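The values are calculated or read from the model by the stated rules, or taken from the named source; none is laboratory data. Bear in mind that the values here come from a model prediction, so they are computed numbers and not experimental data. Note that each Cβ is placed from the backbone with ideal geometry, even for glycine, and that neighbours are counted across all protein chains shown.
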Amino acid sequence: MRTSELSSRPGFTQTTIGRTVGRNWALFFLIFMVIVFAFTGSGFFEIANFQNIIHLSSTSILLAAAETFVIITGGIDLSVGFVMGLSSALAARIMVILSTTALPVPWIIILGSLAGLVISLIPGFISGTLVARFKVPPFIATMGMWGICNGITLRLCHGFFPIAGLPAALPELGNGYLIYIHPGKSITFFQKPEYLADNQIRELIRLIPFSFILITVVILILWFILHRHRFGQHTYAIGDNVDAAIRAGIDVNRHLVKIYMLSSFLAGLAGVYNVFQTGIGNYTTFSAMYELFAVAAVVIGGASLAGGKGRILGSFVGVLVLAVLKNGLAISGVEPFVRYIAVGVLLIVAVTIDQLFPDLF
């Protein structure tokens, strides 16, 4: 065959199959891991385990969704982990204070949750203003808010102590399921059968955790905003080319402030929901690195740190890749440090694929 004919043939990355693999490699890898761990990990391929993965990943999914919008614009939000901690601590502190009053428990939970959500908007507004109006690099602006939120949360927690003494109904709601099946006896919705004794808990089949419902609703709303609403179109336009977005009549500064406020709000939602899951107000520790894992999930899901590229569902898959990897390795008996090595390898692969397929999205 002639050299000219060979050179005229498209490379694998330009073929339909190549582009499909490049666009969905994280999903293919997720399926591959599920198959492998199903054989290597006892109890991995069970509904209860899959539900547990989703449930424990709910806050990470919210943080990854927050990072998705910011990264599409070409920025980054390093404050989401501590905004989550601030929201969690403030919501819990408000609930503890209100518990000393005569307010009914539902109002205590509602008001505390609203306080956690409202406070989360402030770091996003400040970061967005710094980035948009004063042209502070996103890394520096959000790192500053990272430190501020860290300090305020430490004060609320009086150090590293979790805030306890919250209503007992919180973990029941945060860790509840839609359907409870006691084989051969009963099916109940929203709560366990009242007759069930403690020694019968293992007999109970629980389906569809409340966290899955929350995540599904949030993901669908964000998907619509990003892919079917003008807000999403403007977000992609800013990430592709800021100057072109300005010439198209987009108020870039105002939009960026909204983006960072949305990111901060989703982090606050993660913090409030964490209170429901754990029943305490949690301080975000340095070693948790929530924001870095959120960024990793978004990049693995197909977003580009250069901006203009990213998908909500892709970020969701990215979180699942990391969560399934952690869960599968643990069940298979692999030492914990391997998880961090695997995440590092996945990040390198994700960035490499982004370079090989620059025009996929």
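Computed values, structure above
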{"item": "Within segment 235-263, considering residues that are under 16 Å from Val136 (Cβ atoms) and polar (S, T, N, Q), the one farthest from the chain's Cα centre (by Cα)", "result": "Asn253"}
{"item": "Test: residue in segment 225-238 that is at pLDDT 95 or above and small (Gly, Ala, Ser)", "result": "yes"}
{"item": "Test result for Val334, surrounded by fewer than 24 Cβ atoms within 10 Å (Cβ to Cβ), modelled with pLDDT under 95 and more than 17 Å from the chain's Cα centre (by Cα)", "result": "yes"}
{"item": "Unmet criterion (only one of (1) in contact with a helix residue (DSSP H, G or I) (Cβ under 6 Å, 6 or more places away or on another chain); (2) farther than 20 Å from Ser304 by Cα) for Phe231", "result": "(2)"}
{"item": "Wholly enclosed helices (runs of 4 or more DSSP H) of segment 36-120 bearing at least 1 residues among the basic types (Lys, Arg) and surrounded by 18 or more Cβ atoms within 10 Å (Cβ to Cβ)", "result": "80-98"}
{"item": "Helices (runs of 4 or more DSSP H) completely within segment 196-310 that count 2 or more residues being in contact with an Asp or Glu (Cβ under 9 Å, 6 or more places away or on another chain), hydroxyl-bearing (Ser, Thr, Tyr) and over 30 Å from Thr20 (Cα atoms)", "result": "252-278"}
{"item": "In segment 279-327, the residues that are modelled with pLDDT of 90 or more, touching a helix residue (DSSP H, G or I) at 6+ places or on another chain (Cβ under 6 Å) and of a type in the set (Val, Ile, Thr)", "result": "Val295, Val298, Val299, Ile300, Ile312, Val317, Val319, Val321, Val324"}
{"item": "Which listed residue is within 20 Å of Val34 (Cβ to Cβ) and among the small types (Gly, Ala, Ser), from Gly344, Gly333, Gly307", "result": "Gly333"}
{"item": "Among the residues listed as Ala197, Ala270, Ala248, the single one being more than 26 Å from Ser57 (Cβ to Cβ), at pLDDT 90 or above and among the small types (Gly, Ala, Ser)", "result": "Ala248"}
{"item": "Count of residues meeting criterion [touching a residue at least 60 places away in the same chain (Cβ under 8 Å), of a type in the set (Val, Ile, Thr), surrounded by fewer than 24 Cβ atoms within 10 Å (Cβ to Cβ) and over 20 Å from Ala91 (Cα atoms)] in segment 121-138", "result": "1"}
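Yes or no, residue by residue, for (1) touching a residue at least 60 places away in the same chain (Cβ under 8 Å); (2) β-branched (Val, Ile, Thr); (3) surrounded by fewer than 17 Cβ atoms within 10 Å (Cβ to Cβ); (4) within 30 Å of Val70 (Cα to Cα):
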{"residue": "Ser186", "(1), (2), (3), (4)": "no, no, yes, no"}
{"residue": "Phe189", "(1), (2), (3), (4)": "no, no, yes, no"}
{"residue": "Gln200", "(1), (2), (3), (4)": "no, no, yes, no"}
{"residue": "Arg206", "(1), (2), (3), (4)": "yes, no, no, no"}
{"residue": "Phe210", "(1), (2), (3), (4)": "no, no, no, yes"}
{"residue": "Leu214", "(1), (2), (3), (4)": "yes, no, no, yes"}
{"residue": "Leu226", "(1), (2), (3), (4)": "yes, no, no, yes"}
{"residue": "Gly232", "(1), (2), (3), (4)": "no, no, no, yes"}
